Amino acid sequence: MAYDHKQIEKKWQHYWDENQTFKTSSSHDKEKYYALDMFPFPSGQGLHVGHPEGYTATDIVSRMKRMQGFNVLHPMGFDAFGLPTEEYAIKTGEDPKTVTQKNVKNFRRQMKSLGLSYDWSREVNTTDPKYYKWTQWIFEQLYKMGLAYEDEIMVNWAPDYNGGTVVANEEIIDGKTERGGYPVYRVPMRQWALKITAYADRLLDDLDDLDWPEAIKEQQRNWIGRSIGAAVNFQVTDHDEKVEVFTTRADTLFGATYLVLAPEHELVDQIVSPEQKDAVAAFKADLATKSDLERTDLNKDKSGIFTGAYATNPVNGQQIPIWIGDYVLASYGTGAVMAVPAHDQRDFDFAKKYDLPIVPVIEGGTADETEAYTGDGVHINSGFLDGLDKDEAIDKAIAWLTDEGVGEKRVNYRLRDWIFSRQRYWGEPIPVIHWEDGETSLVPEDELPLRLPEVDNIMPSGTGESPLVNIDDWVNVVDENGRKGKRETNTMPQWAGSSWYYLRYMDPHNDKEIISEDAVHYWHNVDLYIGGAEHAVLHLLYARFWHKVLYDLGVVDTKEPFQELANQGMILGENHEKMSKSKGNVVNPDDVVEEYGADTLRLYEMFMGPLDQSIAWSEDGLSGSRRWLDRVWRLFIDDENNLRDHITTHNDHKLDKIYNETVKKVTDDYANLRFNTAISQMMIFINEAYKVDGIPADYMAGFVQLLNPVAPHMTEELWSYLHPDTTMTYSAWPTYDESALVEDEIKIAVQINGKVRANIMIPADADRDKMTELALADETIQSRLDGAEPKKVIAVPGRLVNIVV
Ligand code: ANZ
C-alpha cells in the first residue's frame, strides 16, 4: 500500500507520548548532549513555516546523538511575556494569561504534529510564577552585586500610542512609532538599568573561544565597540569648568582647533555667552526630533552653533572656540570632542561649513584639499611630537597628558547599560519596594515569586507609568513597624526571561534553588544552539551577560552559555519576498502537515539548501520531497503492506561501497549541520538500491536509521518491520567499514604531448608500468599515435599518463 502519512504519523506521535520516548534520563552515567532551539513567543498566529527549519535541524542532531549513545537534553518552552499579547488583550478585553495559555496550547499541538523529539516534561514558560520566581531571584542578585540601579534615563515617549507608551529605539522610524506612526519624543524617565558595561571586556574577549558564525561574533564586537584612546581636559576660559573629551587620536592634539559639545551636554547652559543664548536654545529645540542614527550619518549635512565660549588647548595654550554640533552624541564617550578638521572627515566638513581653522599635523594632508587626511604619517606642526608616526605619537601624547595632569589613557565602549524596565503590565514584576522614608529594599527571597496581580483592566496608565500603578492593594505595602511603601511598578523587559531559560531546562522542577549543583556539573551549558540571526546582539549578549554573573556567583561552572551557535536562514515566499499576511503568501505548517505529512515538511525544509541561507518556498520542491519518501517506502514495502522479498539476509556486496559511503557522509554531514548534502547522499543510495536484485536487511536497517532524524515517523514504521514493537530511538547508530570505501577502479587522463586525448579506467592500485601498459593499449590512444613510437612515457600514479612522441 502507498505510504499513509496521516495514519502513521499519528500512530508514532501517540507511541512516543505514551512511552515518554524522548524523556531525558535523570541518570548521569552517559555522556551528555544539549541541543537547544530558541524558544518562541507564542503569538496568536501559531507557528510559521520558518520555525520548523531550525527546530528540525536541532531535532536531527538530537536524534542522531541519542542513537550514538548520548543522554540528550532537547527541550522546548515559551517566551510568553511581551507587548503583542498585552496589546491583543487590551484590544479584546481578554486576560493576557488566558490568551497566553491558548496560544501555548496551539504551539505545543503544532510542534507535536511535527514529530519534534522534545522532552515535554521539562517545558518552561517565562510567565509561570514558578519560573519567574527565579528571574526575580537573578534580579535580586544583580541588585546586591551593585549591577542593578535606578537612573533618570532618556526614553522614547509616544504619548498618543496606547494611551502613552515608551518604545525602544528599534521601534521608531523617522521619529514615529513603527506601529501606528505616533510621534515620539525624547524625555527623561526613571528607569532600572543593569550594568552590562561592567562585563564589556569579558563579553568581548570570551567570544574568541566560541564556535559561532564569525559574522555574529563580529556584530557583537561592534556592538560592544571597545575603543582605546585618551580623555583630555580643556580649561574653559573665564569659567571654573573643564571640558573633558574622549579621543582615539591624542597624537593630533596640536591640530585641535575647536571643541564640539553634544547639544545636550550639561556644560552648555553654564558656558553659553549671553549673546548666543537664544540661538543655542533654538538650535537645541530643533534637534530634539532627530535620532542618533540620523545625527551621526556621515553623509548628512552637519550643523552646529557657537556657544560664545573658548577653551585652552593644553598642548599649545591656544584659545579655541567651543561649539555645539549635531554630530556629537551625548551618549558616547564624554559627549564632547576635540575637533581636528585636518584629519577627521566630520570635523573637516563642519570646519568648512563654518569657516573654522584647519591645521594639518600629519604629513600627507593639506588644508585646501576637499577631504581630511586620515592616514598615518610623520607628525608636523606638533612640537614635541614632530617626526613621530601615529602610534609613537599617541603613546608620547598620553604620557605627556598624564604627567601634566590634564589627561589619561581611557578605554571607551559603545555598549550602554541595559535599560531594564518597561512601563507595562505583562512582564515580570521587579521585586523592589520604595519606602516613604526614601529607603529602597528588595522583596525578601523567601517571599518570591512576587506575582503579577490579576486585574480586569490592563489599560496603560496614561502617565507613562505601568498599569500596575492603579492597582492600589498591590502597590501599597506596610511593614511590621507601620512604615508605608510602594512597590516598583515598572516590569522587566521582554528579554529578561530568555536570558537564562536554557539553565532552567537542566533542572526545571527545582523549587529550592535556581538549579542544583548536580545538574550544573553534568549539563554545564548548551552544546548546540540554533535560531534566527536577528538575535545576533540583544538576546545573545544579554544571556551571555547573565551567565557570566551566575558564573561569578558560583551558580554555573562555565563561562559561556552557548558553545556552538548556528543560524537558520529565512524561508521566503514563492516569489522570493518575505512571507507576510499582507502579501498573502504565508504558508501554514498545519496545512502542509495535513496534505503531505510532517516527514515531508521536515525533509523539504532540510533539503531546500544550506541551513543558514534564505530560500524561497516552492510547492514543487515540497511535492518532490513527498515523492522521494514514497519511493523509499515502495523500495521496502509492497502493495500488500509486506516487506518486499528482495530484502534479504544474503549480501552479494553490490551495495557495500555506496552503503558505507552513505553512512560516513550522512554521519559527518549531520554533525556539521549540512543536512541538504546528507539528504542528497541518501537519494543516491536509494537510486543504487533500486538497481540491485537483493538488499541486505542490515543495509536496509542502517539506511532507515540514517533517515530517521529527518523523517522520524516513516522510518519508525519501516523499522518496525524488522524489529516489531520497538522504537528505533535508542538503537545503535550505524557504523561504516573504512575498507569498503576504497575505490577499486579510478579514472585517469592519458595525454599525448601534454594534451588530454583519452580518459581511461584502471585498477586503483596500478603501478607506473601497469598504467603505461593500459594507456598504450587504449584504442583511442592507439589510433592517435597511429604507429608512432613514444620517445618517453611519464606516469603519475592515481592521476595521468603523458606520452611524448
Ligand atoms: C580627535 C580625533 C582626530 C578623532 C582624528 C578622530 C580622528 P571611536 O573609534 O568610534 O571610539 N568622538 C568622541 N566622542 C564622540 C561623540 N560623543 N560623538 C561623536 N564623535 C565622538 O571614535 C572615537 C573618535 O570619535 C574620537 O577621536 C572623537 O574624534 C570622536 F584625526 O578625537 B577623535
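The values are calculated or read from the model by the stated rules, or taken from the named source; none is laboratory data. Remember, it's a predicted structure, so these values are computed and weren't measured experimentally. Here the Cβ positions follow ideal geometry from the backbone for every residue, glycine too, while neighbour counts run over all protein chains shown.
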If we ask which residues in the stretch 246-287 are part of a loop (DSSP other than H, G, I, E, B) and either away from the ligand (no atom under 16 Å from the Cβ) or out of contact with any strand residue (DSSP E or B) (no Cβ under 9 Å at 6 or more places or on another chain) (or both), their number turns out to be 6
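Yes or no: the stretch 53-60 includes at least one residue that is without any contact (Cβ under 8 Å) to a residue 60 or more places away in the chain, of a type in the set (Phe, Trp, Tyr) and closer than 28 Å to TYR132 by Cβ. Give the derivation first.
Narrowing the stretch 53-60 to residues without any contact (Cβ under 8 Å) to a residue 60 or more places away in the chain: none.
The answer is no, given that none of the residues of the stretch 53-60 is without any contact (Cβ under 8 Å) to a residue 60 or more places away in the chain, of a type in the set (Phe, Trp, Tyr) and closer than 28 Å to TYR132 by Cβ.
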Has the stretch 663-677 got any residue that is more than 25 Å from VAL593 (Cβ to Cβ) and over 34 Å from the mean Cα position of the chain (by Cα)? no
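Step by step: first the residues of the stretch 199-212, then only those that are surrounded by 16 or more Cβ atoms within 10 Å (Cβ to Cβ) and farther than 22 Å from ILE398 by Cβ, then the one that is nearest to the ligand (Cβ to nearest atom). Which residue is that?
Just the residues of the stretch 199-212 that are surrounded by 16 or more Cβ atoms within 10 Å (Cβ to Cβ), to begin with: 199-200, 202-204, 207, 210, 212.
Filter once more, so that each one left must be farther than 22 Å from ILE398 by Cβ: 199, 202-203, 207, 210, 212.
Numbers: TYR199: 19, ARG202: 20, LEU203: 17, LEU207: 19, LEU210: 24, TRP212: 24 Å.
Among those that are surrounded by 16 or more Cβ atoms within 10 Å (Cβ to Cβ) and farther than 22 Å from ILE398 by Cβ, it is LEU203.
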Out of (1) modelled with pLDDT under 95; (2) within 14 Å of ILE571 (Cβ to Cβ); (3) surrounded by fewer than 15 Cβ atoms within 10 Å (Cβ to Cβ), the one GLN613 does not meet is (1)
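In the stretch 400-425, how many are aromatic (Phe, Trp, Tyr) and within 15 Å of the ligand (Cβ to nearest atom)? Talk me through it step by step, then tell me what you get.
Filtering the stretch 400-425 for residues aromatic (Phe, Trp, Tyr) gives 400, 413, 418, 420, 425.
After this cut, where a residue has to be within 15 Å of the ligand (Cβ to nearest atom) as well, the list is 413.
Residues flagged as aromatic (Phe, Trp, Tyr) and within 15 Å of the ligand (Cβ to nearest atom) within the stretch 400-425 amount to 1.
Looking only at the stretch 423-430, decide whether some residue is loosely packed, with under 14 Cβ neighbours inside 10 Å and within 30 Å of VAL555 (Cβ to Cβ). Explain how you work it out, then say what you get.
Residues of the stretch 423-430 that are loosely packed, with under 14 Cβ neighbours inside 10 Å, as a first pass: none.
Checked against the condition, which is being loosely packed, with under 14 Cβ neighbours inside 10 Å and within 30 Å of VAL555 (Cβ to Cβ), the stretch 423-430 yields no hits at all.
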Out of the stretch 316-329, which residues are surrounded by fewer than 24 Cβ atoms within 10 Å (Cβ to Cβ) and within 7 Å of the ligand (Cβ to nearest atom)? TYR327, LEU329
Report every pair of residues separated by at least 6 positions or lying on different chains whose Cβ atoms are under 9 Å apart, first residue within the stretch 780-805 and over 24 Å from ASP765 (Cβ atoms) and touching a residue at least 40 places away in the same chain (Cβ under 8 Å), second exposed (fewer than 13 other Cβ atoms within 10 Å of the Cβ) and basic (Lys, Arg). VAL804/LYS791; VAL804/LYS792; VAL805/LYS791; VAL805/LYS792
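Looking at this structure, is ASP590 surrounded by fewer than 20 Cβ atoms within 10 Å (Cβ to Cβ), over 30 Å from TYR690 (Cα atoms) and not assigned by TED's automatic domain parsing to the domain that holds ASN510? I'd like the intermediate steps shown before the answer.
On the way: surrounded by fewer than 20 Cβ atoms within 10 Å (Cβ to Cβ): yes; over 30 Å from TYR690 (Cα atoms): yes; not assigned by TED's automatic domain parsing to the domain that holds ASN510: yes.
Here the answer is yes, as ASP590 does meet what is asked.
Please report, ordered by residue number, the strands (runs of 3 or more DSSP E) entirely within the stretch 755-805 with at least 2 residues that are exposed (fewer than 12 other Cβ atoms within 10 Å of the Cβ).
Details: elements: 755-763, 792-796, 800-804.
It comes to 755-763.
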Does any residue of the stretch 102-124 turn out to be at pLDDT below 95 and of a type outside the set (Asp, Glu)? no
Got at least one residue in the stretch 346-363 being more than 14 Å from the ligand (Cβ to nearest atom), at positive phi and free of Cβ contacts under 8 Å to residues at least 60 places away in the same chain? yes
How about the stretch 330-342: which of its residues are within 6 Å of the ligand (Cβ to nearest atom) and hydrophobic (A, V, I, L, M, F, W, C)? VAL337, MET338, VAL340
From (1) among the hydroxyl-bearing types (Ser, Thr, Tyr); (2) within 26 Å of ASP417 (Cβ to Cβ); (3) over 20 Å from the mean Cα position of the chain (by Cα), pick out the condition that doesn't hold for TYR182. (2)
Given the structure, is THR312 free of Cβ contacts under 8 Å to residues at least 12 places away in the same chain, surrounded by fewer than 23 Cβ atoms within 10 Å (Cβ to Cβ) and more than 14 Å from the ligand (Cβ to nearest atom)? no
